[in-house]
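The values are calculated or read from the model by the stated rules, or taken from the named source; none is laboratory data. All figures in this text were calculated on a predicted structure; none of them were measured in a lab. For neighbour counting, all protein chains shown are included, and Cβ atoms are generated from backbone atoms with ideal geometry for every residue, glycine included. To get the accessible areas, we keep the full protein, side chains included, count just its heavy atoms, and leave off ligands, DNA and RNA. Shrake-Rupley method; radii C 1.70, N 1.55, O 1.52, S 1.80 Å.
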Amino acid sequence: MIQTFFNIEIIAAAWPIVLSGLLNTILLSLIVVPLGLFGGLILALLASVKNPLVRWPLMAWVDFFRAFPPLVLLILLFAGLPFAGLELGGFACVAIAFFLNTGAYYGEIFRAGIDSVPAGQVEAGRSTGLSRLQAMGYIVLPQAVRNVLPDLLSNTLEVVKLTSLGSVVAVPELLYQARQAQSLTYNPTPIVVAAIIYFLMLWPLVRLLSRLENRALAGRR
Amino acid sequence: MSTWDRFVDTFFNGKVMLKYLPDILSGMVVTIELAVLIVLSGLAAGLALALVRSLAIRPLNWLIIFIVDLFRSLPPLVIIVLMYFGLPYAEISPSGFVSTWLSLAFVLMAFSEEIFWAGITSVHKGQWEASRSTGLSFGQTLINVVLPQALRLTIPPLTNRTIAITKGTALGTVVAVTEILGEASSAVSNSYNPSPLMMGAAAYLVLFLPVVVLARRLETKFAWKR
Amino acid sequence: MTKPIVDARAIHKHFGALHVLKGVDLRVAERELVFVIGPSGSGKSTLLRCLNRLEEPSSGSIVVDGIDMLDPRTDINHARQRIGMVFQSFNLYPHMTALGNVTLALRKVAGKSRAEADRLGHAALERVGLADRAEHTPGQLSGGQQQRVAIARSIALEPRVMLFDEPTSALDPELVGSVLEVMRSLRESGMTMIVVSHEMGFARNAADRVVFMDDGLIVEQGPPAAIFETPTHERTRAFIGQIQRH
Ligand SMILES: Nc1ncnc2c1ncn2[C@@H]1O[C@H](COP(=O)(O)OP(=O)(O)OP(=O)(O)O)[C@@H](O)[C@H]1O
Ligand SMILES: [Mg+2]
C-alpha cells in the first residue's frame, strides 16, 4: 500500500515537477488574493454610498457571483472568449475569473464589516472636520477590517484552495503538475504528495480560523 | 451582419441552443441529484460529528478535529482527483459521480461540524445546568434545550457555506460526471459554438440564484440583535 | 432534629489544586428554611450544586429525601426532580415560552402527557402570579418575571427541597420584592428551602436558621437573631459588620 501511494523513489523523481507546481500555486495566490481584496474593497466602498440606486445593482452583482460556480466562470472565459476572437490563455483567465468571483465574496465581507461600525463613529470623525473619505479610511475601515478579520482570512483560505482550478485550464500549478507526474509515472504518489503539501501549507491557517470563529460565535450570544 | 448580430449568432445561437437543450436539462438533473445528496449526507455527518464531540471523549475529539482540519485544508478538486484517479490503484474504482459526491460531502461535513460545534459551545453553561437540575438527561438536554438554540445561531454561516460547497458540483466535470458543465463543454466541442456554455451558465443561475437570495433573507431573519 | 430531609456529611470538593469545600456537614429538617451567607468565594454555590450533583463532590455523603445522591446506582435524573434549583441568572430557555419552560421536564422526565403537563404548568405559573404570561418568551419578560417563571419551572415538578442560589442578585432593586414574595409564599406552603442570598431582611423574618460559611467550612449557625445580633466567632462578626454597613 505504502509502495503504491507513498513511493519514495517516485517522490524523488517527481519532486522537481511538484515543486515547480507549488511555486506556481504560491505565485498565483499572491496575484489573485490582492486582486480579489482590491475588487472587494472597491465594491464595498461603492456600496457604502447608501443610495439604493447604487446599492441594489451591487447586491445583484455580488449575488450573481455567489450563485455562479467559479469553475463555470473560468471555463466560460477560457472556452467561450476565443469564439469572440479573444484568446487569453489559462493564467489570465484564472486571474480574471478570480478577480470577479472572489472580489464579490471579499466585497460582501467588507460591506458587512463597514455596516458593523456604528454611524456615530463617522459622525464623530466628520465633526472634527475629517472628509467623508478620510472618515472612511481612518475611522471606519480599520474597525471594519478588525470586525470581519476571521471572514477575510476564511475567504483567503478558500481562494488559495481555489487556485487548484487552474489545473483545468492547464495552468501548471500544484495539482496540474502532480497530475502530470502521475500520468508520467503511472502512480498516484504525486497526487498524494500534492495533497500533503496543501494540507501542511494551509493547516496553520485552518487552526487559527477555527479558534477565531469559535470566539466570534460565542461573542454573539 | 452587424457586430451585434454576429455576437448574438455566436453566443446565443438559437439552433444550437435548441439542439442541446435536452443535454443541458439532463445535466441539470444530475447536478440537482448531486447537490441534494451532498447537502443531506454532508450536513447529517457534520451534525453527527458535532454531537459525538460534545460527549467530550478526548482521543475521539482529537480524531474529529484532525478530520475536520484535513477536509478544510484540502482543495475539493484535489480530493475528487485523489479519489477518482488515486483509489483505483488500490483496486477501488468509484465512479466520477460517487467521487464528487463523497468528496464534497466530506468537505461539507468538515465545515458544518465546525459550525455546529461552535453553535453548541456558544450556548450558555447555565442552560445545561438549569435543564439537568430539572432531571433532563444529557441527551434530552442536548436535543431539547441546547440544539434549538445552537441551530438558530448557525443558520446564516451554514447556508452560506452549504451554497459555496454545493456549487462545487461543477468540479465533477473534471472526472467525467455529466452534470451541467460537463454536458455544456462537450456540446461546445461538438458544435464548435459557445452557445451551450451560455445555456449552462444560465442553468446554474436558475438553480443557485434563488438559493442565494433566500439565504440573504434568512441571514437577515436570523441575525441576532446585539 | 427529626430525621432530616437533606443530610450532607463531610463534603469535600477540590477544583484541581483548589480545596473549595473542606468537610461541610449540613442537615436540614422538613419544612425548614436554611439561609446561607458568607463572603464571596467561600463555597456557598459549590455546596448547593453538590447537593443536586451538578458538581461532583470529591468525598462525603449526601442523602436527600432518603435517596443516596452519590450512589452510582441512583437514577440521578429522577432524583433531581425532587430537588428544585433556582439560579442567579434565571437560565430560562430563550427559545421556549414561559409555559414551555415549565412543562419541558414534566413531559420529558416525569412522562406526563402534553395536556396534563400544560395543566400543571399553568397551575405553577398561577402560583408565582404569572398566569397571564404563559405564552410570553423570556425576552418579553422582566427580570423579576423571568425569575418567577424559573421558580415555577422548579415547583411544577413538586420537589421536596428547593435550592436558591442568589435568586435576586441579578435583579433591579424594584423587582426584588416580587420574587421574595413568591419565596415567602412557598415557605408558608411548607416547602423545605436552602437559600444563598444577601437579602438580610428576608433572612431575619423568614429563615429558621442562618448558616455562615467561610473558606469552605461552616463557621457558625443558629437562629437569625443570634447570628445577626450576637455572633460568637470573630469572622462572623466581621462579615455581619461589613454587610450591615451597606
Ligand atoms: N468550576 C470551577 N472550577 C474551578 N474553580 C471553581 C469552579 N467553581 C467554583 N470555583 C472556585 O471555588 C471557590 C468557591 O466558589 P463558589 O462559587 O462556591 O463561591 P460562593 O461562595 O458562591 O461565592 P459568590 O458569593 O461569589 O457566589 C471560588 O474560589 C471559585 O473560584
Ligand atoms: Mg455563588
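Details
- Residue in the stretch C:58-67 that is within 14 Å of ligand 1 (Cβ to nearest atom), open to solvent by 20 Å² or more (accessible area, probe 1.4 Å) and closer than 23 Å to C:R160 by Cβ present: no
- Put simply, of B:I80, B:I115 the only residue that is open to solvent by 10 Å² or more (accessible area, probe 1.4 Å), under 21 Å from A:V159 (Cβ atoms) and not basic (K, R) is B:I115.
- Residues of the stretch B:118-135 that turn out to be open to solvent by less than 20 Å² (accessible area, probe 1.4 Å) and either at the interface with chain C (Cβ under 7 Å from one of its Cβ atoms) or hydroxyl-bearing (S, T, Y) (or both), as a count: 8
- Wholly enclosed helices (runs of 4 or more DSSP H) of the stretch A:131-221 bearing at least 1 residues open to solvent by less than 30 Å² (accessible area, probe 1.4 Å) and of a type in the set (V, I, T): A:149-162, A:189-218
- Taken over the stretch B:49-72, the criterion of being exposed (fewer than 14 other Cβ atoms within 10 Å of the Cβ) and more than 14 Å from chain A (Cβ to nearest Cβ) is satisfied by B:L55, B:A56, B:I57, B:R58, B:P59, B:L60.
- Flag if A:V122 is more than 22 Å from the chain's Cα centre (by Cα), at negative phi and either away from every other protein chain (no Cβ under 14 Å) or open to solvent by 40 Å² or more (accessible area, probe 1.4 Å) (or both): yes
- Matching residues in the stretch A:55-85 - criterion: being at the interface with chain B (Cβ under 8 Å from one of its Cβ atoms) and closer than 13 Å to B:P194 by Cβ: A:V72, A:I75, A:L76, A:A79, A:G80, A:F83, A:A84
- Qualifying residue in the stretch C:27-39 (condition: among the aromatic types (F, W, Y) and touching a strand residue (DSSP E or B) at 6+ places or on another chain (Cβ under 8 Å)): yes
- The residues of the stretch C:68-99 that are surrounded by fewer than 22 Cβ atoms within 10 Å (Cβ to Cβ), more than 16 Å from ligand 1 (Cβ to nearest atom) and small (G, A, S) amount to a single one, C:A79.
- Elements of type helices (runs of 4 or more DSSP H) in the stretch C:1-116, at least 1 residues being within 14 Å of chain B (Cβ to nearest Cβ) and away from ligand 2 (no atom under 16 Å from the Cβ): C:76-80, C:98-108
- The criterion of at least 1 residues that are within 16 Å of ligand 1 (Cβ to nearest atom), open to solvent by less than 50 Å² (accessible area, probe 1.4 Å) and more than 14 Å from chain B (Cβ to nearest Cβ) is met by the following helices (runs of 4 or more DSSP H) wholly inside the stretch C:146-246: C:200-206, C:234-244.
- Residue in the stretch C:159-174 that is among the small types (G, A, S) and within 16 Å of ligand 2 (Cβ to nearest atom) present: yes
- Index of the failed condition, A:L152 passing every other in (1) away from chain B (no Cβ under 12 Å); (2) farther than 30 Å from A:G21 by Cβ: (2)
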